[in-house]
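Okay, so here's the structure we're looking at.
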């Protein structure tokens, strides 16, 4: 997938963390919705996606993560989502 001009500029600056956090919020919402609907496989896949995003966020220097009561890691900067 080709990067648009904004993504190229952001990536060159090395500060895409805010965009990653936004994506993580979206995935967290989708994951929680899937969990509420008992969609086990979708929840599993979204857990994997969220874990990957958290890892990328940490790598980019936004290391504000905490363990949830289920033993999974979610970014504390992803506020407003119920676990």
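The values are calculated or read from the model by the stated rules, or taken from the named source; none is laboratory data. Fair warning: this is a prediction, and the values are worked out from it, not measured in the lab. Don't worry about glycine lacking a Cβ; one is built from the backbone with ideal geometry, like all the others, and counts go over all protein chains shown.
Some points to look at:
- Restricting region 11-26 to residues that are in contact with a helix residue (DSSP H, G or I) (Cβ under 9 Å, 6 or more places away or on another chain) and at pLDDT 90 or above, the residue that is surrounded by the fewest Cβ atoms within 10 Å (Cβ to Cβ) is 19.
- Within region 28-35, at least one residue is part of a helix (DSSP H, G or I), modelled with pLDDT of 95 or more, out of contact with any strand residue (DSSP E or B) (no Cβ under 6 Å at 6 or more places or on another chain) and exposed (fewer than 15 other Cβ atoms within 10 Å of the Cβ).
- Checking 69, 38, 63 one by one, the residue that is part of a loop (DSSP other than H, G, I, E, B) and either in contact with a strand residue (DSSP E or B) (Cβ under 6 Å, 6 or more places away or on another chain) or modelled with pLDDT of 95 or more (or both) is 38 and no other.
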